[in-house]
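To start, the structure itself, in C-alpha cells.
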Amino acid sequence: IAWGQVGAAQLDRLQAAVAAEGPEVKVRIAMVHHNLHRRGPLAQLTSSLRDGDALAATLVRLGFDAVLHGHTHAPHLAHLGDDPCGVLVLGCGSSTWYRPGHGQWAHFNLLTLDPGGIRAIRSEVWDNDARSFRPARDDLLDVARRTPLAQ
C-alpha cells in the first residue's frame, strides 16, 4: 500500500503560510509526492493521495501557479479546474528510469519562471548514445493548459 494523505492540519498550515507571505512572492509552486490525477481503480485504492481533491481545491483557492508531483514514473501534465491558466499539475516522471524496450528513459522538466508566473516548460530526456540529457519537448506549458485534470 502506497497511499498518502495531506490532512486538514497541513492544509491549514499551507493557508497560514500563504497568508503570511510578503508582497515579493510572485509565483507559488507546491511540491507533493503523490499525483493528483485519477488512475485505475486498483491504483486509486492502493497508491493515491486520499485527500487529493481537498488539496487541489486549496491550491486553486490560494492562487497557486503549479503543483509538482512524483509517485508515478510516467510524465503527466494538466491543469486544475476550468481555467487553463490556473493551477498546473506537473509530473515529470522518473529522472532515473531506464526501460528502453518500453520507450521510457530518464527525463526531467525545466520550468522558466518570471514574476508573472510560469512562462515555459521544457523536458529533457536521456540520450543513451550521447550519455547525456538532450532537449525533448519545449511545448509542455501549452500541453498542460490544453489538458484538464482527470479527477
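The values are calculated or read from the model by the stated rules, or taken from the named source; none is laboratory data. Values in this document were obtained by computation on a predicted structure and should not be read as measured data. Backbone-built Cβ (ideal geometry, glycine too); neighbour counts: all protein chains shown. Side chains included, ligands, DNA and RNA excluded: accessible areas come from the protein's heavy atoms. Shrake-Rupley method; radii C 1.70, N 1.55, O 1.52, S 1.80 Å.
Distance between the pseudo-spin-label points of ALA150 and ASP138 (7 Å out from Cα toward the beta carbon): 3.0 nm.
Computed from label points 7 Å out along Cα-Cβ, the spacing between ALA17 and ALA2 is 2.4 nm. Largest first, the residues ILE121, ILE1, ILE29 sort by 1.4 Å accessible area into ILE1, ILE29, ILE121. Taking all protein chains together, THR112, THR58 sort by accessible area into THR112, THR58, largest first [probe 1.4 Å].
The listed residues LEU62, LEU68 rank as LEU68, LEU62 when sorted by accessible area, largest first, using a 1.4 Å probe.
On the beta carbon distance between ALA130 and THR72, with R0 = 35 Å, the FRET formula returns roughly 0.85.
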